[in-house]
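Engineer: Before we start, here is the structure in question, set down as structure tokens.
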Amino acid sequence: MRDVIIIGSGPAGYTAAIYAARAGLKPLMIASSVEPGGELMKTTDVENFPGFPDGLLGPDLMAKFQEQAERFGTEILLQDVVEVDLKANPKIVKCGNGDTFEAKAIILATGAAYRELGLPNEKALSGHGVSWCATCDGFFFREKTIAVVGGGDSAMEEALFLTRFASKVYVIHRRDTLKASKIMQDRAMANEKIEFIWNAGVEELLGDPKLTGVKLKDTVTGAESEMELDGLFIAIGNDPRVWLVENQLELTEEKFIKVDGRSSKTTIDGVFACGDVIDPTYRQAITAAGSGCVAALDAEHFISTH
């Protein structure tokens, strides 16, 4: 039986592993066979993670996380968890290859996935003009023409933030009204750098190997047009990866794992959650890492007192 099993990787999972390993808990991390390292594996330049003043590539940063976790004795398994029993004592974790593990405590670091438009070259252009994070990538678009896709609060926040850098920000929305709160709508509409393109859907991403523009389709008339762009930010929501646990743990209204205050404690003793799977707001590598630290400390305290 293991002391701690960490499900998922990324900044939260790896930080939890580092702290748990240094506490002598010999954690097992089940990091996924398909996407170990989380969303940062899809990111090119990371310039806002402390300690790297010259910046580095997302995959390189995650390689350093992994190296540090393994240095302290974390065992990393590249498998997919297909079933968990969190109410059992000990907890039970089953993998797709048939392996079954037991643990005193579980740390969930399964993250959240940004919703995609579902266009053929979307993944290829990720980090090459297409982004899901204005805070991460806005700096690279100084004096550029960019667009934000979406109509909710997050899209308005992205657009407003991007006006600090871009010379022009278009907001592309499939309807003629926004879902965003009135205050966010008012702020966006009052900003002279922002222009709205109503009743328009993005049909195609143009450019190779970098984005050069988009093809739009009018959702009312069906008319198509092209727009030249230096960057496109997709802000149509994100989905926390909770399918493993949604029938066992209490979730928030937004379907993120519910934790107790600033802790990582879920509604089941001995089960902790960290990173983007509990965070609908910040979604940054550094906040996820801090959250992973909290989860490891909470797990260590739970094990020592039980």
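Engineer: Name the residue that is surrounded by the most Cβ atoms within 10 Å (Cβ to Cβ), counting only residues in the stretch 146-190 that are of a type in the set (F, W, Y) and modelled with pLDDT of 95 or more.
Structural biologist: The residue in question is Y170.
Engineer: From the list K64, K87, exactly one residue is over 19 Å from V271 (Cβ atoms), of a type in the set (K, R) and not in a strand (DSSP E or B). Which is it?
Structural biologist: Criteria check complete, one pass: K64.
Engineer: Would you check if there is a residue in the stretch 67-82 being more than 17 Å from K26 (Cα to Cα), open to solvent by 20 Å² or more (accessible area, probe 1.4 Å) and assigned to a strand (DSSP E or B)?
Structural biologist: Yes.
Engineer: Check I236 against each of (1) surrounded by 17 or more Cβ atoms within 10 Å (Cβ to Cβ); (2) touching a Lys or Arg at 6+ places or on another chain (Cβ under 6 Å); (3) over 30 Å from I6 (Cα atoms) and name the one condition it does not meet.
Structural biologist: Of (1) surrounded by 17 or more Cβ atoms within 10 Å (Cβ to Cβ); (2) touching a Lys or Arg at 6+ places or on another chain (Cβ under 6 Å); (3) over 30 Å from I6 (Cα atoms), only one is false for I236: (3).
Engineer: Let me ask something additional. Which condition number in (1) more than 16 Å from I5 (Cβ to Cβ); (2) open to solvent by less than 70 Å² (accessible area, probe 1.4 Å); (3) without any contact (Cβ under 8 Å) to a residue 12 or more places away in the chain is the one that I92 fails?
Structural biologist: (1)
Engineer: The conditions are (1) over 19 Å from T15 (Cα atoms); (2) open to solvent by 20 Å² or more (accessible area, probe 1.4 Å); (3) touching a residue at least 60 places away in the same chain (Cβ under 8 Å); (4) part of a loop (DSSP other than H, G, I, E, B), and R283 fails exactly one of them. Which is it?
Structural biologist: (1)
Engineer: Of all residues in the stretch 12-35, which are in contact (Cβ under 8 Å) with a residue 60 or more places away in the chain and either outside the structural domain of I76 (by the TED database) or touching a Leu at 6+ places or on another chain (Cβ under 7 Å) (or both)?
Structural biologist: Correct list: Y19, L28, I30, S33.
Engineer: Could I ask something else about it? What are the residue pairs meeting all of these: first residue in the stretch 181-199, first residue farther than 24 Å from M227 by Cβ, second residue of a type in the set (D, E), Cβ atoms under 6 Å, and 6 or more apart or on different chains?
Structural biologist: If the second residue must be of a type in the set (D, E), the pairs left are S181/D153.
Engineer: Further question: Being within 19 Å of the chain's Cα centre (by Cα) and open to solvent by less than 40 Å² (accessible area, probe 1.4 Å) is the filter; apply it to the stretch 133-145 and report the residue that is farthest from D276 (Cα to Cα).
Structural biologist: Residue satisfying both the conditions and the ranking: G138.
Engineer: If I ask for residues that are more than 13 Å from A16 (Cα to Cα) and part of a helix (DSSP H, G or I), which ones from the stretch 287-306 would you list?
Structural biologist: If the condition is that a residue be more than 13 Å from A16 (Cα to Cα) and part of a helix (DSSP H, G or I), then H301, F302, I303, S304, T305 are the ones that fit.
Engineer: Test of understanding: among L125, L40, which residue is outside the structural domain of G24 (by the TED database), within 22 Å of the chain's Cα centre (by Cα) and surrounded by 14 or more Cβ atoms within 10 Å (Cβ to Cβ)?
Structural biologist: L125
The values are calculated or read from the model by the stated rules, or taken from the named source; none is laboratory data. On a predicted model such as this, the values are computed, not experimentally measured, just so you know. Methodologically, a virtual Cβ is constructed for each residue, glycine included, from the backbone with ideal geometry; neighbour enumeration extends over all protein chains shown. Only protein heavy atoms, including side chains, enter the accessible area calculation; ligands, DNA and RNA are left aside. Shrake-Rupley method; radii C 1.70, N 1.55, O 1.52, S 1.80 Å.
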